[in-house]
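A.B. asks: Quick one: the structure is below, and I'll ask about it shortly.
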Amino acid sequence: MRGQAPPLTPSAAQAILTRVVPDFRVTGVVGREGGEANAVYEVRGAGSVRPLIIKIYPERWRSKSERWRSKLAKEVFVYQLLSRHGIRQIPRVLHDEPAGLPALPSAFAVMTLLEGWPLSAVGDQLTDSDTEQVYEHMGRLLAAVHRITAARWGYVTTGIVDSKPSNTAYMLGQFATKLCRFVDLGGDSAVAEAINRHVARHADLFTECLRPALCHNDFHEGNVLVTRDGEGWRVTGYVDVENVVVADPLLDLAKTDYFALRHRENKRRAFIRGYGPLPRGWAPRADLYRLHHALEFWNWSASAGKQDVLADIRIDLEEIVSNDAAQ
């Protein structure tokens with residue numbers, strides 16, 4: 001498994017599930033695609049019992065601060081919040097252990113298993129018609145998340161952390177932090193200055209969002225699960241809520257667009273058709289958010305040592321800024 005979480009043995013899985021589902025008899029443990037740091041395992045049982053998921057969180061995520069709670073606590077909180085608002089296409093958390101157990105010292109959670117495979121793993125098996133149907137459903141799913149609103153903007157743990165009273169305050173803070181990080185990681189200071197000027201010139205666009213919503217903030221093919229349905233495919237749900245924030249819904253849409261839609265117009269049309277009407281004059285604001293996501297992606301790639309993608313991301317950054325300069 002990727003990341004720093006320990007492996008899960010069948011005996012450890014049995015010790016865990018005996019406490020959660022006493023009748024569950026483990027017959028196998030299979031690693032599944034997880035995040036960059038967490039390990040995700042499918043635990044299979046005897047007979048017709050449905051498999052379960054055990055997600056392990058490495059020690060570095062267990063914060064000692066009461067203000068910045070662990071990734072585990074955040075996932076439990078967000079999944080329960082979504083469930084309370086009637087959203088069912090998500091895993092259900094059956095049990096969590098922030099301190100771990102003797103069988104597994106790291107923090108972990110036991111969750112129900114959503115049927116299917118990540119869309120990123122099977123996308124090439126879908127016809128154009130299947131793809132459009134799947135993306136239209138994805139749009140409806142994200143729209144349902146965005147119907148959960150709040151009064152302030154900010155990062156989510158088991159509540160809103162460092163909350164801001166306006167979208168302008170939130171986004172200017174986000175850009176300032178990420179631009180400092182960009183330079184610290186070796187980014188071109190001239191590019192940073194151009195981005196800073198661009199954001200300052202268009203900061204009035206942030207005022208157009210008057211009420212923030214819950215944003216998945218990582219809604220792409222790797223986190224959406226699909227399965228065959230007759231001769232076609234259907235979406236069964238989505239996972240990975242570690243990046244959730246309360247922000248402008250367009251910020252969320254722009255991230256999905258940047259990572260999954262922008263080079264496939266048929267996907268974009270289907271997604272927006274499922275999502276529903278966009279706010280008036282949405283395009284310039286979405287461009288500003290795409291700039292934010294490209295900057296964040298550059299920082300993440302540089303810190304992770306993924307040097308091979310930095311040049312392409314820089315092109316994205318410069319293109320968004322130069323398009324404005326040319327107008």
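Quick note: the coordinates plus some simple rules give every number you see, no bench work behind them. Just so it is clear, the structure is predicted and the values come from calculations on it, not from any experiment. Here the Cβ positions follow ideal geometry from the backbone for every residue, glycine too, while neighbour counts run over all protein chains shown.
A.B. asks: Just the Kirkwood number for region 209-285, please: inverse of mean 1/r across all distinct Cα pairs, in Å, one decimal.
C.D. replies: Details: mean 1/r = 0.0727 Å⁻¹.
About 13.8 Å for region 209-285.
A.B. asks: So what's the angle, to the nearest 10 degrees on a 0 to 90 scale, between helix 310-326 and the longest Cα principal axis of the chain?
C.D. replies: The helix 310-326 is inclined about 40 degrees to the chain.
A.B. asks: May I pose another question? Counting only Cα atoms, I'd like the Rg/Rh figure for region 10-112, Kirkwood definition for Rh. Each step should come with its number before you reach the end.
C.D. replies: Values: Rg = 13.8 Å, Rh = 14.3 Å.
Rg/Rh for region 10-112 comes to 0.97.
A.B. asks: From the phi angles alone, apply the Karplus equation (6.51, -1.76, 1.60; θ = phi - 60°) to region 297-303 and give each ³J(HN,Hα) in whole Hz, x where the residue is Gly or Pro.
C.D. replies: Working through the residues one at a time gives 5, 4, 4, 5, 5, 5, 5 Hz.
A.B. asks: How tilted is helix 265-275 with respect to the longest principal axis of the chain? Cα atoms for both, answer in degrees (0 to 90, nearest 10).
C.D. replies: Taking the Cα atoms of the chain, the angle to 265-275 is about 70 degrees.
A.B. asks: Here is a further query. Return the lysines within reach of Lys178: Cα separation strictly under 16 angstrom, same-chain partners fewer than 8 residues apart disregarded; answer none if there are no such residues.
C.D. replies: By straight Cα distance, Lys178 reaches Lys255.
A.B. asks: Here's a follow-up. Assigning unit charges at the beta carbon (Lys, Arg +1; Asp, Glu -1) and nothing else, what dipole magnitude in debye, to the nearest 20, does the chain show about its Cα centre?
C.D. replies: Working: 40 positive and 39 negative charges, 220 e Å.
Result for the chain is approximately 1060 debye, rounded to the nearest 20.
A.B. asks: Here's something else I'd like to know. With Rg and the Kirkwood Rh both taken from Cα atoms, where does Rg over Rh land for the chain?
C.D. replies: Values: Rg = 20.6 Å, Rh = 21.1 Å.
Expressed as Rg/Rh, it is 0.98.
A.B. asks: Run the simple label-point estimate for Thr9 and Leu278 please: 7 Å along Cα→C-beta, distance reported in nm.
C.D. replies: Those two pseudo-labels are separated by 5.3 nm.
A.B. asks: Output wanted: per-residue J couplings in Hz (rounded whole) for region 187-199, from phi through Karplus 6.51 cos²θ - 1.76 cosθ + 1.60, θ = phi - 60°, x for Gly and Pro.
C.D. replies: Rounded to whole hertz, the list is x, 5, 5, 5, 5, 4, 5, 5, 5, 4, 5, 4, 5.
A.B. asks: Hey, what number do you get for the chain at 222 nm if only DSSP H runs of n ≥ 4 count, each worth -39500 (n - 2.57), divided across all residues, to the nearest 500?
C.D. replies: -13500 deg cm²/dmol
A.B. asks: I want the local charge near Arg262. Using Cβ-Cβ distances under 12 Å, sum +1 for each Lys or Arg and -1 for each Asp or Glu among the other residues.
C.D. replies: Net charge around Arg262: 0.
A.B. asks: Which longest uninterrupted range of the chain lacks any GluC sites (Glu not before Pro) assigned by DSSP to a loop state (not H, G, I, E or B) and surrounded by at most 13 other Cβ atoms within 10 Å?
C.D. replies: The segment 116-230 is the longest one with no such site.
A.B. asks: Write down the radius of gyration of region 123-269 and its Dmax, each obtained from C-alpha positions, in Å.
C.D. replies: In order Rg, Dmax, the Cα atoms of region 123-269 give 17.5, 54 Å.
A.B. asks: Which ³J(HN,Hα) values, rounded to whole Hz and listed in residue order, are derived for region 249-254 from phi using the Karplus coefficients 6.51, -1.76 and 1.60 in 6.51 cos²θ - 1.76 cosθ + 1.60 with θ = phi - 60°, glycine and proline given as x?
C.D. replies: With coefficients 6.51, -1.76 and 1.60, one gets x, 5, 4, 5, 4, 5 Hz.
A.B. asks: Taking trypsin sites (Lys or Arg not before Pro) that fall in a DSSP loop and have at most 11 other Cβ atoms within 10 Å as cut points, what is the longest piece of the chain between them?
C.D. replies: 89-279
A.B. asks: Using 7 Å Cα-to-Cβ label points, what is the Gln125/Ala176 separation (nm, one decimal)?
C.D. replies: 4.9 nm
A.B. asks: Any aspartates and glutamates with Cα under 17 Å of the Lys267 Cα? List them, leaving off those in the same chain fewer than 8 positions away.
C.D. replies: Correct list for Lys267: Asp124, Asp128, Asp130, Glu132, Glu136, Asp218, Glu221, Asp252, Asp257.
A.B. asks: Can you compute the FRET efficiency between Thr227 and Ser303 using 1/(1 + (r/R0)^6), with r the Cβ-Cβ distance and R0 = 45 Å? Round to the nearest 0.05. Walk me through the numbers on the way to the answer.
C.D. replies: Numbers: r = 35 Å, r/R0 = 0.78.
It comes to 0.80.
A.B. asks: Which lysines does Lys71 reach when only Cα atoms under 16 Å apart count, and residues fewer than 8 places away in its own chain are ignored?
C.D. replies: Filter leaves Lys55.
A.B. asks: For the chain, modelled as a GNM with alpha-carbon contacts under 10 angstrom, which of Gly237, Gly222, Gly86 fluctuates the most?
C.D. replies: Residue with maximal mean-square fluctuation among Gly237, Gly222, Gly86: Gly86.
A.B. asks: Work out the charge dipole of region 10-112 with +1 on the Cβ of Lys and Arg and -1 on the Cβ of Asp and Glu about the Cα centre, then indicate which of Pro58, Gly47, Gly31 is farthest towards its positive end.
C.D. replies: Projecting each Cα onto the dipole axis, the largest value belongs to Pro58.
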